[in-house]
């Protein structure tokens, strides 16, 4: 846990602060803690899941007003401060989901604008609902009971909350949920193929972030002693958003430092108050242009360590048995009369196909013959207009990519889909997301079952990396790998699922002759463990070397099907495609 | 042993001498929470001219019992969050002796409790009624009218002098505009007038014709305005002229803001507009201010620019600094209790902006009778002519 | 009353539509949604007032100077905030870089110009009542812009190159089109369109530094409604938005009209994420 020391150093500084005896610093530090409680949650949304929620001040306002209204007793008997804070967090959780829901349907900028819209709506409602919120006159914030009613007492309380938030969100970030969020951000398609259900996952994160933001809002109201709608400015919203991004995506420490920096900066630069927002903006621009990775990238030295130059991919097929086990009964995945048209073009025009476990099934054909399209139909990205699919006799529903991993169907992609900023190990671990049993809360609190599961997953991922020959690169950042290594990494990720069927989309593209040989042998070995492999390839040699069956497509139809030996001498195939 | 004793004696003597010496030379630190930049900065800029003028004048005359006045300004930009930070900084870090400001209610609401906790002597000109409560905030004093006083003045003029019984109340969509319009409408109804429309208009709405038509169709005899948005006020005035309607506009001091003069289509559109003003800063038929302020104007000539601000802001800024200085002069101390105690004993203290009286039970120091309506378009060096109808 | 709601609704709608076109023009060559769109509109008003009222330039000169300044600013935006982040478009850094530039523009204006709305000159002095020039000028400007752009895209070489880049960036580059120059040109064009929006709507919106974020938002709604990159959709969306907003202002008052606008916007967007006239999302795998 070498990465723990910056957090401990910050905590030590924070604990020493009361020695100054200066309540002004207590106020500023408390403010930083409260902002961090919000930013910690927002970080999961913006930094991890990549959803551009700009208007998060709306949730701060909801929390602040809920807590204040409940303790002020404008609608009902006044509640104790902690009950009010709890209800505020619950209200924030609900609001967080409502604010976040558009993210499931809308792209980046659109989503950003809807969050701004929500921020406006919340402000207007606080203004108009004068009986409850006090309108423009505002309402006093909750006051906490002793010993939290002094500046330092409240500071310790907020510091404690901030520490818990840091710990919990860091736990989450290092769990399968954190990896899944990053996968959604950087490679939604790969996330789906690994069985990550975006709506459910995002809903949970929005719930958490909303609760944290609203809780922070309640603390904010206490700190301010009195809130009016004009305290919840767009500038404050920007501060939260920018803190995450100058901190760096996918980091906990970076946004934490970003929050502290942005809270302190205006205080240090008080004489420049008139120019403060201007300087903020300039700082933001410089950071985006000069260090797009943010503070986290500056701090991350391991990412710059050189990888060995003369490395080679040496799969160790022996490990496959422990990794994916043996399969007894051999099942069949079969396609019947699949038709898929894009507009007027029939990309697939009535294809039948049977994939058997334990066999390598080659799918070849000229460009545009429907190979990859067929693969996408099987993995649920396309919904065919006609025809059906069965898996081991049961119907395989069309058009549900995220459901495939749960059925044991794994795949790789023509262009490798990876998370560049994560390590190779983490990339591979994503493949086993569906197997996780420990829940969201267990991950947050890092409970024993969660920790055990994490260890098991990491062990299996190392096994998978060893099997495909990337054992030495487990800790390297994925974006530093060579193209050929990424192809093997994708296979390792797919193997994490212990798949029943594995579909490989041109895995040999861009590989050297030697690497193709090793790939062929690896694929063969995988199939011998009882996995059904569908291999879409252009390299005819590889196909004929390792396939048990070959289907040739042309113009969306099956031109020929049979053993490699039969295909090799098939007249039409030879004249149309093999060109021999 | 004798050496030690002498040493001790010397040390005691030294401390005994040093204590008052430090107190005597230490400047009187006045924290000044000013929204100097940002969208509602005009008042603070005006107040600031008075503050700086007063501080320089006092220091040029040798200070208060030899102690200089030091003004420590923090720009809050109208943001309550920044105001809270700056207030705590003034209390704990800069250790000021008194705080003047903030100058708008949103900020003041946020910092009042914090100042009360530190028992920090505080004077401010913010209008929201709940800001002054000697029981809860024994440290806070107001040297400007409260919202109720403003409201009373506007309502009194509308009902008694303009003789309007049907009024349209219009505010903008800011916190202040919404609250003030609601309070005003309720008070009109209580006094038996008919509020024919009450509207909160988005200040950026490009065309006010529908709202004005609605008011006219409802039979409004006066339009009561609660907004600081000069753009919105100018649009309303232009619309009134385009409709050929001569209904009077009565309300918020911003109606008289110089900005409006540049935004209206023609000068005539600014006639029959009556803004809240103050006796002390209004000139009579012969163009003269009350003598005390006539003399102040002479003194400030060439030193303080009054062309783009209002005299009452400047005068109020001067009064604030002098109130602190006088308290230190009278009690010889800068302790919280002595300043607050002195203010609590003030009876008809002659300031430039008004005559202030405070007691331990009442911290609204501004005399109601000094709040008058002025003719909005008559601005001259930050002063105005009284609206027609005053004795 | 209806006439006045229609007049002001169409007028602000035309301004929103022009800002929408500004977004689209920048997006077409760079795939970037820029937060500077609204600021360009704001500057159209401020610079117009500066050149004509403060510096006393004749109206046509003032208009040209305003358009030129904003076009230049468009190019600067491209160089400073767009080009450096294009290579990592999927990281959405453009949201930050253009936001930063937009804030710089807004705060520089606040500090150097004024934080109070300033007057904007009457331009032609034609019309009164609902036929006042302040209502029809934005509509005329919007019509002229859309016709001009149609002509540009259909009948000129540069315009067709724009379209080619917008449709398939890689293919266009492969054909040897000067992609970078075209992108700069499109940002200059967007700057001029944004400035025209602010200039034509100057008498309505005044020369006010805070108009930027407002136009940013209300200018984006037509884009979202009309479909990204669809100028005709933006015009229809803009006019509808203007009418809806002004009607809501009158019916439910200033506070709830913005709530109504934003709620409707979010609902429409959720129902049709690609906009009313946009094509469904492209294939992903």
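Observations on the structure shown:
- Residue within the range A:232-240 that is more than 10 Å from every other protein chain (Cβ to nearest Cβ) and in contact with a helix residue (DSSP H, G or I) (Cβ under 6 Å, 6 or more places away or on another chain) present: yes
- Just so you know, in the range A:362-384 the residues that are closer than 28 Å to residue A:329 by Cβ and in contact with a helix residue (DSSP H, G or I) (Cβ under 9 Å, 6 or more places away or on another chain) include one that is nearest to the other protein chains (Cβ to nearest Cβ), and it is A:376.
- Residue among C:131, C:136, C:113 that alone is within 14 Å of chain A (Cβ to nearest Cβ) and closer than 23 Å to residue C:201 by Cα: C:113
- Which numbered condition residue B:206 misses (of (1) touching a strand residue (DSSP E or B) at 6+ places or on another chain (Cβ under 9 Å); (2) away from chain A (no Cβ under 11 Å); (3) crowded, with 21+ Cβ neighbours inside 10 Å): (1)
- Scanning the range C:205-216 for residues that are crowded, with 24+ Cβ neighbours inside 10 Å, part of a helix (DSSP H, G or I) and at the interface with another protein chain (Cβ under 7 Å from one of its Cβ atoms) returns a single hit, C:205.
- Top-ranked residue of the range B:180-191 - restricted to ones that are surrounded by fewer than 24 Cβ atoms within 10 Å (Cβ to Cβ) and either touching a residue at least 24 places away in the same chain (Cβ under 8 Å) or within 26 Å of the chain's Cα centre (by Cα) (or both), ranked as farthest from residue C:3 (Cα to Cα): B:191
- Residue within the range C:124-141 that is surrounded by 14 or more Cβ atoms within 10 Å (Cβ to Cβ), at pLDDT below 90 and more than 24 Å from residue C:18 (Cα to Cα) present: no
- Scanning the range C:124-131 for residues that are under 21 Å from the mean Cα position of the chain (by Cα) and either under 23 Å from residue C:83 (Cα atoms) or in a helix (DSSP H, G or I) (or both) turns up nothing.
- Count of the range A:26-73 residues which are closer than 20 Å to residue A:440 by Cβ and within 14 Å of chain B (Cβ to nearest Cβ): 1
- Residue list for the range A:75-97, restricted to those being free of Cβ contacts under 8 Å to residues at least 40 places away in the same chain, surrounded by 15 or more Cβ atoms within 10 Å (Cβ to Cβ) and part of a helix (DSSP H, G or I): A:86, A:87
- Scanning the range B:34-72 for residues that are closer than 23 Å to residue B:82 by Cα, in a helix (DSSP H, G or I) and more than 13 Å from the chain's Cα centre (by Cα) returns B:49, B:52.
- Top-ranked residue of the range B:155-172 - restricted to ones that are farther than 22 Å from residue B:368 by Cβ and in a strand (DSSP E or B), ranked as modelled with the lowest pLDDT: B:172
- Set A:497, A:486: member being part of a loop (DSSP other than H, G, I, E, B), buried (at least 20 other Cβ atoms within 10 Å of the Cβ) and within 20 Å of the chain's Cα centre (by Cα): A:497
- Look at the range A:138-159: where a residue is on the phi > 0 side of the Ramachandran plot and a partner is in a helix (DSSP H, G or I), sitting 6+ places away or on another chain with Cβ atoms under 7 Å, you get A:138/B:109.
- Being part of a helix (DSSP H, G or I), buried (at least 20 other Cβ atoms within 10 Å of the Cβ) and without any contact (Cβ under 8 Å) to a residue 60 or more places away in the chain is a property that residue A:255 lacks.
- Odd one out for residue B:279 among (1) farther than 18 Å from residue C:116 by Cβ; (2) free of Cβ contacts under 8 Å to residues at least 60 places away in the same chain; (3) assigned by TED's automatic domain parsing to the domain that holds residue B:185: (2)
- Residue in the range A:198-217 that is part of a helix (DSSP H, G or I) and within 14 Å of chain B (Cβ to nearest Cβ) present: yes
So that you can scan it fast, the table gives a plain yes or no per residue for (1) in a helix (DSSP H, G or I); (2) away from chain B (no Cβ under 14 Å); (3) over 25 Å from residue C:275 (Cβ atoms):
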| position | (1), (2), (3) |
| --- | --- |
| C:9 | yes, no, no |
| C:14 | yes, no, no |
| C:47 | yes, yes, yes |
| C:67 | yes, yes, yes |
| C:90 | yes, yes, no |
| C:100 | yes, yes, yes |
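- Test result for residue A:150, surrounded by 21 or more Cβ atoms within 10 Å (Cβ to Cβ) and within 14 Å of another protein chain (Cβ to nearest Cβ): no
- Restricting the search to strands (runs of 3 or more DSSP E) fully inside the range A:342-429 and requiring at least 1 residues that are under 20 Å from residue A:491 (Cα atoms) gives A:345-356, A:360-364, A:409-411.
- Among the conditions (1) in a helix (DSSP H, G or I); (2) modelled with pLDDT under 95, the only one that residue A:61 does not satisfy is (2).
- The condition (being under 29 Å from residue A:229 (Cα atoms) and within 14 Å of chain A (Cβ to nearest Cβ)) is satisfied by just one residue among B:185, B:215: B:185.
The values are calculated or read from the model by the stated rules, or taken from the named source; none is laboratory data. Nothing here was measured: the structure is a model prediction, and the numbers come from that model. Cβ: placed from backbone, ideal geometry, glycine included. Neighbour counts: every protein chain shown.
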